[in-house]
């Protein structure tokens, strides 16, 4: 997957060492961490997170993509994304948008752009995500993007005093498995000519 990726309002780009300032500006807000598995970190922890993301971008083979998301017009950092490969073709997704940009469609737009940019280059078949059951907005993001809830697979609680997280899966059939002949057979079968 190649970064940057642009959408109508956003740019997803590699995180840089100086991004810790922008992340720290909203990372200490308790509202930001309401649905995240950690408590608000101090500046040193935010710098450490950014250093980890920058280092992971240099790993080969690359397994983790941690772009920062910023608005195209203003350049304001609105959040971060994470796509981590579990195995070839299977990834975990995470995203966090700053509270003053919630309910404006930024998470949906950013995740859609990342998935579009990652699907073919990473030969993705499955993308998994977990959501705190209380996070209705994040559940809507998953549904809008075609993820299905895996009711029989409760995830770990986001926080110790919370119920298990909801597990979502986006399952793609690799394009190369659908041959023209298979499509033709399906059409013929639907017409009763097998």
Quiz prompt | Subset of the range 96-106 that is in a helix (DSSP H, G or I) and either touching a residue at least 60 places away in the same chain (Cβ under 8 Å) or in contact with a helix residue (DSSP H, G or I) (Cβ under 8 Å, 6 or more places away or on another chain) (or both) - its residue that is farthest from residue 81 (Cα to Cα) | solution = 100
Quiz item: Got a sec? Which of 69, 50, 78 is surrounded by 14 or more Cβ atoms within 10 Å (Cβ to Cβ) and more than 16 Å from residue 138 (Cβ to Cβ)?
Solution: 50
Self-check item: Odd one out for residue 134, checked against (1) crowded, with 17+ Cβ neighbours inside 10 Å; (2) under 30 Å from residue 160 (Cβ atoms)
Solution: (1)
Quiz item: Can you tell me which residues in the range 50-75 are in contact with a strand residue (DSSP E or B) (Cβ under 6 Å, 6 or more places away or on another chain), in a loop (DSSP other than H, G, I, E, B) and in contact (Cβ under 8 Å) with a residue 40 or more places away in the chain?
Solution: 66, 67, 72
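Quick check on residue 3: is it surrounded by 13 or more Cβ atoms within 10 Å (Cβ to Cβ), under 15 Å from the mean Cα position of the chain (by Cα) and in a loop (DSSP other than H, G, I, E, B)?
Numbers: surrounded by 13 or more Cβ atoms within 10 Å (Cβ to Cβ): yes; under 15 Å from the mean Cα position of the chain (by Cα): yes; in a loop (DSSP other than H, G, I, E, B): yes.
Criteria met by residue 3.
Anything in the range 15-27 that is surrounded by fewer than 16 Cβ atoms within 10 Å (Cβ to Cβ) and not in a helix (DSSP H, G or I)? List them, or say none. Before the answer, list the steps.
So the first thing to find is which residues in the range 15-27 are surrounded by fewer than 16 Cβ atoms within 10 Å (Cβ to Cβ), and the list is 16-18, 21, 25.
Of everything in the range 15-27, just one residue is surrounded by fewer than 16 Cβ atoms within 10 Å (Cβ to Cβ) and not in a helix (DSSP H, G or I), namely 16.
Please determine whether any residue of the range 144-155 is surrounded by 16 or more Cβ atoms within 10 Å (Cβ to Cβ), at pLDDT 95 or above, touching a strand residue (DSSP E or B) at 6+ places or on another chain (Cβ under 9 Å) and closer than 22 Å to residue 13 by Cα. Spell out the reasoning first.
We begin by selecting, within the range 144-155, every residue surrounded by 16 or more Cβ atoms within 10 Å (Cβ to Cβ); these are 145, 147, 155.
Still in the list and also at pLDDT 95 or above: 145, 147.
Now drop any that are not touching a strand residue (DSSP E or B) at 6+ places or on another chain (Cβ under 9 Å), which leaves 145, 147.
Checking the rest, the ones that are also closer than 22 Å to residue 13 by Cα come to 145.
Yes, because at least one residue in the range 144-155 is surrounded by 16 or more Cβ atoms within 10 Å (Cβ to Cβ), at pLDDT 95 or above, touching a strand residue (DSSP E or B) at 6+ places or on another chain (Cβ under 9 Å) and closer than 22 Å to residue 13 by Cα.
Residue-by-condition table, conditions (1) within 24 Å of residue 23 (Cα to Cα); (2) not in a helix (DSSP H, G or I):
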| site | (1), (2) |
| --- | --- |
| 83 | yes, yes |
| 94 | yes, yes |
| 108 | yes, no |
| 112 | yes, no |
| 118 | yes, no |
| 124 | no, yes |
| 133 | no, yes |
| 140 | no, no |
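The values are calculated or read from the model by the stated rules, or taken from the named source; none is laboratory data. Only a predicted model underlies this, so the values are computations on that prediction, with no experimental measurement involved. Glycine also receives a Cβ, built like all others from the backbone with ideal geometry; neighbour counts cover every protein chain displayed.
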